[in-house]
Amino acid sequence: RKQLGQVGEHVISAITASRELNDGYAFRVDPTKASLIDVARWLDLWRRCCPFYEFQIDFHAADASLWLSVKGRPGVKAYIPVDSPRLAKKLPE
């Protein structure tokens, strides 16, 4: 849990934008602040405690844009802010 929090805080601090999806949220991660490896490491830790999430990483080599989607079955979208209040601060308004 401690490692999940530390790595999560690092990645969350690198989020620069977000958008709502039907079944979750997508977050743009600044790859100069948190690498693709950082994001993958965080998701590997997060899935161990919360296997009901579905994660997707979209990485575009041409411009190094990095988007992380956190989604899942019905009910998961509403649980994201409860599970991760720090991430909730990055949700679209």
| request: Return one quarter of the surface area of the convex hull spanned by the alpha-carbon atoms of the chain, equal to its mean projected area, in nm². | output: 5.6 nm²
| field | Nearby lysines by direct alpha-carbon distance to Lys33 (threshold 20 angstrom, same-chain neighbours under 8 apart not counted) | value | Lys89, Lys90
| task | Find which of Cys50, Ile12, Ser65 sits farthest along the positive direction of the dipole of the chain, computed with +1 on the beta-carbon of Lys and Arg, -1 on that of Asp and Glu, about the Cα centre. | result | Cys50
| task | Filter the chymotrypsin sites (Phe, Trp or Tyr not before Pro) in the chain to those in DSSP coil with at most 16 other Cβ atoms within 10 Å of their Cβ, and list the result. | result | Phe52
| note | Simple spin-label estimate for Gln3/Ala88, 7 Å along Cα→Cβ, in nm, reads 2.7 nm
| message | With a 10 Å cut-off between alpha carbons and a GNM built on the chain, which of Asp30, Asp63, Asp83 moves the most? | response | Asp63
| task | With a probe of 1.4 Å, find how much accessible area the chain has per residue, and write the answer as a whole number in Å². | result | 59 Å²
| request: With only Lys, Arg, Asp and Glu charged, each at its Cβ (+1 for the first two, -1 for the last two), find how big the charge dipole of the chain is about the Cα centre; round to the nearest 20 debye. | output: 340 debye
| message | Test of the criteria: in the range 1-91, which trypsin sites (Lys or Arg not before Pro) are in a DSSP loop and have at most 15 other Cβ atoms within 10 angstrom of their Cβ? | response | Arg1, Lys33, Lys89
| field | Cα gyration tensor category, rounded, prolate or oblate, for the range 49-91 with a/c compared to 1.5 | value | prolate
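The values are calculated or read from the model by the stated rules, or taken from the named source; none is laboratory data. Fair warning: this is a prediction, and the values are worked out from it, not measured in the lab. As a convention, Cβ positions derive from the backbone with ideal geometry for all residues, glycine included, and neighbour counts pool all protein chains shown. In case anyone asks, the SASA skips ligands and DNA or RNA and just uses the protein heavy atoms, side chains included. Shrake-Rupley method; radii C 1.70, N 1.55, O 1.52, S 1.80 Å.
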